[in-house]
1. Would a scan of the range 62-84 turn up a residue that is free of Cβ contacts under 8 Å to residues at least 40 places away in the same chain and among the aliphatic types (A, V, I, L, M)?
2. Assigned to a loop (DSSP other than H, G, I, E, B), hydrophobic (A, V, I, L, M, F, W, C), touching a residue at least 12 places away in the same chain (Cβ under 8 Å) and farther than 18 Å from Val34 by Cβ - does that describe any residue in the range 169-185?
3. Please verify whether the range 194-211 includes one or more residues that are in a helix (DSSP H, G or I) and small (Gly, Ala, Ser).
4. Starting from the range 30-49, keep only residues that are part of a loop (DSSP other than H, G, I, E, B), then list their pairs with residues that are not hydroxyl-bearing (Ser, Thr, Tyr) whose Cβ atoms are within a distance under 6 Å, requiring at least 6 positions of separation or different chains.
5. Would you confirm, using the coordinates I've provided, whether Ser72 is at pLDDT below 90, of a type in the set (S, T, N, Q) and either in the same structural domain as Val23 (by TED's automatic domain parsing) or buried (at least 24 other Cβ atoms within 10 Å of the Cβ) (or both)?
6. Quick one: which of Val154, Val188 is farther than 22 Å from Gly322 by Cα, part of a helix (DSSP H, G or I) and assigned by TED's automatic domain parsing to the domain that holds Ala390?
7. Could you tell me whether Gly242 is in a helix (DSSP H, G or I) and loosely packed, with under 14 Cβ neighbours inside 10 Å?
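The values are calculated or read from the model by the stated rules, or taken from the named source; none is laboratory data. Fair warning: this is a prediction, and the values are worked out from it, not measured in the lab. Cβ atoms come from the backbone with ideal geometry, glycine included; neighbour counts cover every protein chain shown.
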Amino acid sequence: MLTTLPTPPQTPLVRRPGHQGLVLAVTCLALGTVVAAMASLNVALPDIARQTHADQTQQAWIVDAYSLVFASLLLPAGAVGDRYGRRLALLVGLVVFGAGSGVATLTTDPTALAGLRALLGVGAALIMPATLSTITSSFPAQRRAAAVSIWTAVAGASGVVGLLASGLLLQWWSWQSIFWLNVLLAAVALTGTLLFVPESAERDPAPLDVVGAVLAAAGIAVLVYAVIEAPAYGWTDPVTVGGIAVGLLILAGFVVIEMGRRYPLLDPRLFTNRRFAAGSLSITLQFFALFGFLFVIMQYLQSVRHYSALTAALGLLAMPIGMIPSSRLSPYLTERFGIRLPWVAGLLIVAEGLMVLAHLDSADPYWHIASGLIPLGAGLGLAMPPATTAITGALPSRLQNVGSAVNDLARELGGALGIAVLGSLLTATYRNHLPTAGAVSAFCTGLHVSLTGAALTIVATAIAVAALLRRPHRPGRHRRSRSAWRGQQRARAGFTAASDPKRVELFQQRHRDPAGGSQDPARLAHRERLGQCREDLGRPLERVRTEHDRVGDPGQPAGAYRRGQLTRTEPQLTQFVGFRGAKRFGGQPSFEGAHRRVDPRWQARAGRSHQPVGHVQPGSHQQRGNQLGGG
């Protein structure tokens, strides 16, 4: 059982920054290719239906077979990459994806086309987790967050770019040109992978969990199948209810079995880590809203506003305009304010954009659409990088590909559920209002209901993420804060006396050296450094470095200093420095006792040998405090 989840290793596989940029470009190209394939056929369905004579159900499976297989195989494919090599998984996935796309250009049978789309899903399941795990293992810690933010921006914007590229191709060529584009992009990514991407795999891999892989794939496949078919059968139909129940039972069995296995495919205990759970939940529901929105808005633009495929795709360009810069800004906000603020703020901005778009009407100008698309994209750009980093950063290096697979599974599962659920809300509302209102008015009412539901889902997600990332309560926290404030005031008073010569004499009279000497301004300045150090203790410290001038030591030249290291948590350092009160220092003012304790000059002047700075023997606080205070 993992009780503490370490971060990825600090030593990157690729050490040259230029080479790291090439790795990032190749992996993002492969990622963009498989993500764009999810939505690229939405604008081509009318042409496909005319040439292949596909009915409505067959059209749905031509689109959904890809997502179904993709989501079902992500976890097993991630485990295969961990065992046999992530670069190898990326290469095999690109070959399968490109070959399947090439064969799809030669078929005109709708059933065969749906089967080939399922084959593309197999390749995509191998590709997507390998891209993120390659990035996290190739970049150093200080550049990893920025690289992940680029990865998330590509993942978020590729769906819209795929729609735009498909609409552009359909202006001059047939729907087969979309698959030819897949072949070209897969070939370029395959070449780049062979040239620049390093291999990374576990030296001593755990045995492959075949039972877990089968249960995970079967449970997700049955669940997604039932949700996809729900708009056609109805949510209360036995096929829908039974499929959802069977899928949930299989997944429950997967959890029970994985809890007892020594080498599980996915340890359910990982979700007890708050960041991992928050990231998985957030990614799932963000893509629930995103892909459900794309499904609804494309029908609105083409059916209500009568846009062409290209014009409808161009109308969505305002979303990546907001997403790309905000995703670049997200790592800096995370570093400055922590992971919680940009994450929750991004989710709330997404909800705001969805609420603006929920009030669209048939006669609204385009600026109304853009005023919702820009905050929608900006919010996704802010929230996706910290959510993705929370998932990958919570796992050790040996589980990076599985962590990437969980991240990708959350995306695909959320997207499939979003299309099914929001599409079902749109269809049901449209049918209920059609007898009493016109088709356009009924559709706009359905759009309002579905996008309002998506916005409320995102608000609930923001509340859940904020709760999961909330710091646990620490008893006595406010009492320590009051003690810290009193210590800061004393330290500042010492600094003021040292900087104002007229007040030095008064300050020396109030705070005398127990040995009979008064404190000079240099010691008071040192005391100010202690006060500033205490001001920075807003959270538990891992390491505090303090510098002490050696004054009056003939063995050292003027201006020389020694550097000590303190490794203390906040309560320990508070007790050590002495801001908790005077009792630990024999009745002397706490900040003065602390100064004498940490400064070697005090001990040297008193004729006592001193321990290295920051050294505290267990159980010796009271005894040494009494010695220093004369007790």
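1. no
2. Yes, some residue in the range 169-185 is assigned to a loop (DSSP other than H, G, I, E, B), hydrophobic (A, V, I, L, M, F, W, C), touching a residue at least 12 places away in the same chain (Cβ under 8 Å) and farther than 18 Å from Val34 by Cβ.
3. no
4. From the range 30-49, the pairs are Ser40/Gly162; Ser40/Ile178; Leu41/Val63.
5. Yes; evaluated as a whole, the condition is true for this residue.
6. None of the others qualify; the one that does is Val188.
7. Considered against the rule, which asks whether it is in a helix (DSSP H, G or I) and loosely packed, with under 14 Cβ neighbours inside 10 Å, Gly242 comes out as yes.
Residue-by-condition table, conditions (1) aliphatic (A, V, I, L, M); (2) surrounded by fewer than 24 Cβ atoms within 10 Å (Cβ to Cβ):
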site	(1), (2)
Gln58	no, yes
Trp61	no, yes
Gly78	no, no
Asp82	no, no
Ala89	yes, no
Leu94	yes, no
Gly98	no, yes
